[in-house]
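S.K.: Please see the structure below; I have some questions.
The values are calculated or read from the model by the stated rules, or taken from the named source; none is laboratory data. From a predicted model like this one, the values you see are computed outputs, not experimental measurements. Don't worry about glycine lacking a Cβ; one is built from the backbone with ideal geometry, like all the others, and counts go over all protein chains shown.
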Amino acid sequence: MEFQIVTGSVEALETECLIVGVAPEAQLAPSAQQVDQASSGYLREVAEDHQGKAGEALLLHKVPGVKAKRVLLIGLGKDDERSDRNQNKIIKAIMAQLKAIRCATAVVALDGQESADQDLYRQLRHNTEWASAELYHYDTTKSKKADEPGLQSLSFLVAADDAELAEFSISDGTAIANGVDTARELGNLPGNICTPTYLADQALALAEDCEDLTTTILDEDEMEKLGMHCLLSVGKGSSEPSKLIVMEYKGGEPDQKPHVLIGKGITFDTGGISLKPGAKMDEMKFDMCGAASVMGAMESLTELGLDINVVGIIASAENMPSGHASKPGDIVTTMSGQTVEILNTDAEGRLVLCDALTYAERFEPETVVDVATLTGACIVALGHHATGLLSNDDLLADDLLAAGEFAADKAWRLPLWDEYQEQLDSNFADMANIGGPAAGTITAACFLSRYTKKFRWAHLDIAGVAWNSNGKAKGATGRCVPLLCQHLIQQVDDLADDE
Ligand code: BES
Ligand code: MN
Ligand code: ZN
């Protein structure tokens with residue numbers, strides 16, 4: 001499927017489906033008015049039967065005076081109710097109609113009224129990302145594949161003066177959408193296919209397609225030599241070997257410090273000896289969604305072609321119980337030299353991330369952002385809408401919050417005060433890996449903070465947003481690829497501002 005920008009007069013567009021907008025009380029958007037004129041008032045008459053609610057759809061055939069085969073009249077909602085949410089609803093409704101009628105081409109001519117944005121770039125980028133997301137369909141492990149989507153090109157009608165910016169926007173939107181698709185696909189794959197080795201192979205394949213990207217895989221022996229005993233302790237019960245996946249993107253000057261992204265890649269989390277209850281345990285195949293979003297963001301980055309250096313690191317293991325598995329009370333030495341008492345083998349994400357964070361030091365990073373489905377407590381705190389954000393640097397935190405707002409992939413900051421640190425005290429090691437029932441998301445981040453003293457760092461807990469649990473919507477969401485991409489785009493803009 002291709003996105004395109006078109007200009008010109010709306011009635012002359014040759015397409016299988018022309019999409020125009022109507023607000024409540026039959027208020028036709030400008031392009032709809034033009035169609036109305038071309039059809040000698042036909043559209044206005046029909047619009048009387050349309051309430052103009054956001055996403056409400058009315059498909060019309062044989063509209064007189066226009067070249068388009070069909071006209072889809074889509075509700076825009078009230079002017080003062082424009083929002084990212086409503087825009088998303090409108091795009092979803094359009095895509096549902098286009099899928100149902102199986103047309104190959106369509107043109108969206110909503111004059112920007114589907115969105116609260118004054119910013120054409122942001123508005124069209126979201127249209128592109130969200131339309132693309134509606135076309136994602138998982139059937140990799142089904143014996144019968146779905147029919148190819150009929151839609152081959154979706155165009156947006158813009159004023160001629162805006163065409164250049166619009167092209168730029170759909171190009172960025174496509175790059176981000178592709179990263180989101182990759183993250184969703186990796187997330188949705190089952191644990192018996194998507195193993196640490198599989199993730200490593202995907203990262204190698206990604207580098208093959210891109211000159212600026214190199215992937216290095218560290219196996220267990222290499223990690224052992226580096227002293228990553230904490231990461232290795234997680235995979236000890238599994239027959240799948242653990243991997244540290246390092247993807248280096250060099251788009252900037254050779255001496256420019258990189259931004260590092262680190263993903264939690266637990267390809268299945270049984271809890272280990274601290275075994276999880278059986279209900280919904282299948283969903284722990286999604287415990288590599290942090291890794292998936294880093295991989296997705298790296299793919300987007302290669303397509304965005306940003307002029308910065310970025311290192312993506314994935315700490316991957318399978319958390320299983322067995323005679324070889326770590327036991328509650330075991331003590332391991334991390335790569336940093338600090339020791340950890342593993343009081344609960346189900347708090348494994350932080351155990352793999354801490355060594356990856358220490359490993360990141362060698363890149364002398366400008367910033368480090370880790371992404372992880374780290375705590376159930378984050379779902380209690382923020383539900384399924386916001387990513388949890390914790391950071392040792394206010395500027396970085398603000399940058400990520402702004403990126404989340406811009407990308408409509410929102411995060412919300414939680415405190416990382418020293419008061420919480422003592423919940424990790426251990427009688428037998430430098431720290432315990434759990435901090436008790438209170439403030440679980442914060443104490444998990446406190447644990448990570450002990451491995452981030454040498455750089456500006458932020459932690460994104462995506463436990464509540466990485467996948468949907470319900471019915472037909474069950475599956476990975478691709479969050480927070482848009483946030484990460486926007487964060488990286490902002491880093492390039494910051495560099496440009498400095499010059
Ligand atoms: N992967 C889980 C967190 C999780 C659970 C994410 C459910 C999404 C849905 C993580 O490894 C975990 O088990 N965390 C424990 C930590 C606890 C033992 C301190 C948790 O949240 O219960
Ligand atoms: Mn766990
Ligand atoms: Zn986990």
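S.K.: Can you pull out every residue in the range 259-308 that is over 26 Å from residue 343 (Cβ atoms) and of a type in the set (Val, Ile, Thr)?
M.R.: Selection gives 260, 294, 302, 308.
S.K.: In addition: Which pairs do you get when a residue that is farther than 10 Å from residue 372 by Cα, found in the range 283-299, comes within reach of a residue that is modelled with pLDDT under 95 and more than 11 Å from ligand 3 (Cβ to nearest atom), reach meaning Cβ atoms under 8 angstrom, with the pair 6+ apart or on two chains?
M.R.: The qualifying pairs do not exist here.
S.K.: Of all residues being polar (S, T, N, Q) and within 21 Å of residue 241 (Cα to Cα) in the range 305-337, which is surrounded by the most Cβ atoms within 10 Å (Cβ to Cβ)? Just the residue, please. So that I can check it myself, show each step before the final result.
M.R.: Quick first cut of the range 305-337, residues polar (S, T, N, Q) only: 309, 316, 319, 322, 326, 333-334, 336.
This time we only want the ones that are within 21 Å of residue 241 (Cα to Cα), so: 316, 319, 322, 326, 333-334.
On the way: 316: 31, 319: 29, 322: 12, 326: 25, 333: 16, 334: 23.
Going through the qualifying residues, I end up with 316.
S.K.: Please work out if residue 296 is at pLDDT 95 or above, more than 16 Å from ligand 3 (Cβ to nearest atom) and over 23 Å from residue 201 (Cα atoms).
M.R.: On the way: at pLDDT 95 or above: yes; more than 16 Å from ligand 3 (Cβ to nearest atom): yes; over 23 Å from residue 201 (Cα atoms): no.
So residue 296 fails the test.
S.K.: Give the range 274-294 a look and list any residue that's part of a helix (DSSP H, G or I) and in contact with a Ser or Thr (Cβ under 8 Å, 6 or more places away or on another chain), or say none.
M.R.: In the first step, residues of the range 274-294 are kept if they are part of a helix (DSSP H, G or I); the result is 281-294.
281, 283, 284, 285, 286, 287, 288, 289, 290, 291, 292, listed by residue number.
S.K.: In the range 397-425, how many residues are of a type outside the set (D, E, K, R), in contact (Cβ under 8 Å) with a residue 40 or more places away in the chain and surrounded by 16 or more Cβ atoms within 10 Å (Cβ to Cβ)?
M.R.: Filtering the range 397-425 for residues of a type outside the set (D, E, K, R) gives 397, 400-404, 406-408, 411-412, 414-417, 420-421, 423-424.
Add one more test, that the residue is in contact (Cβ under 8 Å) with a residue 40 or more places away in the chain, and what stays is 397, 400, 402-404, 406-408, 411.
Remaining after also requiring surrounded by 16 or more Cβ atoms within 10 Å (Cβ to Cβ): 397, 400, 403-404, 406-408, 411.
Matching residues across the range 397-425 total 8.
S.K.: Test of understanding: among 236, 225, 257, which residue is farther than 24 Å from residue 206 by Cβ, surrounded by fewer than 18 Cβ atoms within 10 Å (Cβ to Cβ) and either modelled with pLDDT of 95 or more or in contact with an Asp or Glu (Cβ under 6 Å, 6 or more places away or on another chain) (or both)? Talk me through it step by step, then tell me what you get.
M.R.: Numbers: 236 fails: surrounded by fewer than 18 Cβ atoms within 10 Å (Cβ to Cβ); 257 fails: farther than 24 Å from residue 206 by Cβ.
Answer to the selection: 225.
S.K.: Since residue 432 meets every condition but one in (1) under 30 Å from the mean Cα position of the chain (by Cα); (2) among the small types (Gly, Ala, Ser); (3) closer than 19 Å to residue 330 by Cβ, which condition does it not meet?
M.R.: All conditions are met except number (1).
S.K.: Restricting the search to the range 304-353, which residues are closer than 30 Å to residue 213 by Cβ and within 15 Å of ligand 1 (Cβ to nearest atom)? Please lay out each step first, then the result.
M.R.: Of the range 304-353, the ones closer than 30 Å to residue 213 by Cβ are 304-319, 334-336, 348-353.
Hits for the range 304-353 are 315, 316, 317, 318, 319, 348, 349, 350, 351, 352, 353.
S.K.: Something else: Given the range 191-273, what helices (runs of 4 or more DSSP H) lie entirely inside it while holding 2 or more residues that are of a type in the set (A, V, I, L, M, F, W, C) and within 16 Å of ligand 3 (Cβ to nearest atom)? Outline the logic, then answer.
M.R.: Working: elements: 196-208, 220-226, 229-235.
Passing ranges, in order: 229-235.
S.K.: Any residue in the range 370-394 that is of a type in the set (Phe, Trp, Tyr) sitting within a Cβ distance under 7 Å of a residue that is within 14 Å of ligand 1 (Cβ to nearest atom) and not in a helix (DSSP H, G or I)? List the pairs, counting only those 6 or more apart or interchain.
M.R.: Partner pairs satisfying both residue conditions: none exist.
S.K.: Considering only the range 354-378, state which residues are in contact with a helix residue (DSSP H, G or I) (Cβ under 6 Å, 6 or more places away or on another chain) and either more than 9 Å from ligand 1 (Cβ to nearest atom) or assigned to a helix (DSSP H, G or I) (or both). Walk me through how you get there before you give the answer.
M.R.: Filtering the range 354-378 for residues in contact with a helix residue (DSSP H, G or I) (Cβ under 6 Å, 6 or more places away or on another chain) gives 354-355, 367-368, 370-375, 377-378.
Hits for the range 354-378 are 354, 355, 367, 368, 370, 371, 377, 378.
S.K.: Would you pick out the residues in the range 384-399 that are under 23 Å from residue 286 (Cβ atoms) and either more than 12 Å from ligand 1 (Cβ to nearest atom) or at pLDDT below 95 (or both)? If you could, list the steps in order and put the result at the bottom.
M.R.: From the range 384-399, those under 23 Å from residue 286 (Cβ atoms) are 384-390; that's our starting set.
The answer is 385, 386, 387, 389, 390.
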